[in-house]
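Below: one structure, written as structure tokens.
The values are calculated or read from the model by the stated rules, or taken from the named source; none is laboratory data. Model, not experiment: these values are computed from the prediction. Here the Cβ positions follow ideal geometry from the backbone for every residue, glycine too, while neighbour counts run over all protein chains shown.
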Amino acid sequence: MKNKNNKNKNNQDGVALTPDTPVKLGINWYPGHMAKAIREIKEKLKLVDIVLEIRDARAPLASGNFALDDTLRQKSRLIVMNKVNLADPKIIHLWDEWFKAKGEPYIFIDCFDKASMKKVMSHARSIVDQKRKESNPETYQQKAKLKLMVIGLPNTGKSTIINQLANRTATKTADRPGQTQVQQWIVIDKDLDLLDTPGVMPPILAKAEHGLWLSAIHAIPDDIVGEELPAKFLVEHFKGLNSKEFKERYKLESLDLEVEEILEKIAVLRGCVRQKGLADLERVYKLILLDFRRGELGKCCFGLPPVIS
């Protein structure tokens with residue numbers, strides 16, 4: 001991914017990005033902070049019973065941090081796919097079957113739904129109890145106290161989930177990713193302590209398009225990537241779906257146009273026009289990203305589950 005201050009419009013090395021280009025991250029977005037966060041996560045694992053890894057249901061694999069996989073194998077983990085209310089139910093069904101076949105504990109939730117949050121805690125407790133029982137079947141006793149660590153990419157909903165569990169504003173939330181920059185213990189109640197951690201990006205993304213997915217869902221701040229590439233990606237994505245919701249939102253009769261033509265039409269229809277009638281595309285990019293992040297463009301997912309060999 002590139003910093004907007006770089007003159008090259010592709011990436012730092014001047015190489016055009018393609019969907020199969022591996023992308024290094026952490027170069028432009030406080031790499032020291034993220035490296036420190038990963039070290040501290042590894043150090044504190046022994047203090048907790050289970051890790052809740054928060055992901056975005058619209059990109060269940062791309063919003064995970066596989067740099068931590070080896071470390072987390074030694075600890076109970078529950079993968080929490082948040083924002084399912086914004087995801088395509090048909091694609092989520094495929095992901096549901098995929099994760100079930102993989103045998104890893106997971107759950108799809110909307111963090112603003114109280115019933116979903118109760119299911120998360122019930123699932124987490126059952127995982128911990130089962131592991132304790134298997135480790136010490138003869139001396140096993142159910143413990144009331146549970147210690148959780150919450151990890152995940154920026155802006156996947158970690159802070160909101162913590163606040164929902166605490167039933168209060170226990171940690172800061174914001175539209176800009178990366179607000180949590182230090183680890184902090186939060187006492188939820190007498191039976192639950194929670195360790196909040198900063199959002200950390202994986203050092204490398206498998207494909208350039210994953211960077212666009214993460215930019216679209218705002219896991220990567222707009223001032224790192226810019227708004228043009230993710231906005232154009234979203235137009236291309238909804239054009240490929242021939243999305244009824246996208247057409248209705250911008251009052252477009254057809255999406256059988258080039259991306260640039262669609263952007264020009266949106267500019268005119270939404271009054272994003274400069275002097276002399278020129279389209280203000282910067283405003284259009286912001287508009288599309290804002291509408292998408294608010295769920296105004298319909299439910300969608302990026303990518304399908306891989307084939308299990």
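Couple of notes before you dig in:
- Contact map, the range 46-57: first residue free of Cβ contacts under 8 Å to residues at least 24 places away in the same chain, second residue of a type in the set (Lys, Arg), Cβ cut-off under 9 Å, separation 6 or more or different chains; pairs are 46/75.
- You will find that of 138, 134, 97, 104, the residue that is modelled with pLDDT of 95 or more and out of contact with any Phe, Trp or Tyr (no Cβ under 6 Å at 6 or more places or on another chain) is 97 and no other.
- Scanning the range 203-222 for residues that are closer than 11 Å to residue 154 by Cα and either touching a Lys or Arg at 6+ places or on another chain (Cβ under 8 Å) or surrounded by fewer than 22 Cβ atoms within 10 Å (Cβ to Cβ) (or both) yields 217, 218, 221.
- Taken over the range 215-254, the criterion of being part of a loop (DSSP other than H, G, I, E, B) and closer than 18 Å to residue 59 by Cα is satisfied by 217, 218, 219, 220, 221.
- Residue match in the range 266-281 (condition: small (Gly, Ala, Ser) and crowded, with 19+ Cβ neighbours inside 10 Å): yes
- The single residue among 118, 133, 143 that is surrounded by 11 or more Cβ atoms within 10 Å (Cβ to Cβ), outside any helix (DSSP H, G or I) and free of Cβ contacts under 8 Å to residues at least 60 places away in the same chain turns out to be 143.
- Out of 231, 267, sole residue that is touching a strand residue (DSSP E or B) at 6+ places or on another chain (Cβ under 6 Å) and modelled with pLDDT of 95 or more: 267
- In the range 255-309, residue farthest from residue 56 (Cα to Cα) [restricted to those that are in contact with a Ser or Thr (Cβ under 9 Å, 6 or more places away or on another chain) and assigned to a loop (DSSP other than H, G, I, E, B)]: 255
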